[in-house]
Amino acid sequence: MTAERPPLAEGIPDRLYGRRRGHPLRPRQQRLLEETLPRLRLSPEQAADPRAAFGTPVEALWLEIGFGGGEHSLAQIKANPRVGYIASEVFENGLCSLLTTLVPEGEEATAPLPGHLRLWPQDARHLLGLLPEGALDRLFLLFPDPWPKARHAKRRFVNPTLLPLVARALRPGAEWRIASDDPTYQGWVAEVMAEQALFDVPPPATARPEGWPGTRYEAKALREGRSPLYWSLTRRG
């Protein structure tokens, strides 16, 4: 097993995501992946001491799993310059969406980049296994793939087999934010969290709480008449 893929607990599927690419990449997107992404990429070796991996001193460490189009990540790094922010996404078009906002065209290899941002373009579960115990101060899982079919339930990130790995990476008192507009996933989160003892789980909010930047997925859900729920879990000591 390589450093990028530490062993996962028995019962956890090899991967939770589907495809890595949507439409074919345009030349600009290809340059972003080849020239900009390596400048921000967190290596497996750096994950062992993540705060040292940033280009500026940081006072806390946050991780977003599956950042989609990057709107939430970009808003958070802008609002929190003293936080080391790791944004994880395997979907190449999502990576390009975030990177497009960060660098002007033609400056993919040279434009300054936020010193307190690092990207993990692989399965975030492997990163959780590489981080030191209690490394994270906050974790975001916003509008994840719901895998709505019952036979795919084991692929949902909120999963009884995965909770110990998540809890290990969070310090006591750390916050785990979860949002979903999918009724099946909402019920699943409630069911899974009712059967665990690692997190305090207050009832979810029905409106996005203050300090939670919006995403394109939330906006789409609201346009289409779905009602998101927003959980704020606390890691128990």
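The values are calculated or read from the model by the stated rules, or taken from the named source; none is laboratory data. Quick caveat, the model's predicted, so the values are computed rather than measured. Here the Cβ is made from the backbone with ideal geometry for all residues, glycine too, and neighbour counts use every protein chain on show. SASA here: full protein model, heavy atoms, side chains in, ligands and nucleic acids out. Shrake-Rupley method; radii C 1.70, N 1.55, O 1.52, S 1.80 Å.
Some notes on this structure:
- Helix axis angle, 183-194 relative to the chain longest principal axis, alpha carbon, degrees: 70
- C-alpha center-to-center spacing [the stretch 210-235, the stretch 66-99] in angstrom: 16
- For Trp147, net neighbour charge (Lys/Arg +1, Asp/Glu -1) across residues whose Cβ lies under 11 Å away: +3
- With contacts taken as Cα pairs under 8 Å at a separation of at least 6 residues, the stretch 62-152 carries a relative contact order of 39 percent.
- The length gained on full extension between Lys220 and Arg236, counted as 0.36 nm times the residue separation minus their Cα-Cα distance, comes to 2.4 nm.
- In the set (i) 132; (ii) 158; (iii) 107, the label that goes with volume of the Cα convex hull per residue in Å³ computed for this structure is (i).
- Sparse-neighbour loop sites [GluC sites (Glu not before Pro); the stretch 96-132; at most 16 other C-beta within 10 Å; DSSP]: Glu105, Glu107
- Proximal charge balance of Ala219 [Cβ under 13 Å; K/R count +1, D/E count -1]: +1
- Taken per residue, the accessible surface of the chain reaches 47 Å², heavy atoms only and a 1.4 Å probe.
- Restriction of the trypsin sites (Lys or Arg not before Pro) in the stretch 68-173 to DSSP coil positions whose beta-carbon has at most 16 other beta-carbons within 10 angstrom yields Arg82, Lys149.
- With a Förster radius of 25 Å applied to the C-beta separation of Gln46 and Glu107, the computed FRET efficiency comes to 0.55.
- Rounded percent of accessible protein surface that carbon and sulfur make up, the stretch 122-237, 1.4 Å probe: 52
- For the chain, calculated [θ]222 nm from helices alone, where every DSSP H run of n ≥ 4 adds -39500 (n - 2.57): -7500 deg cm²/dmol
- Within the stretch 110-237, percent of DSSP bridges classed antiparallel, to nearest 5: 60
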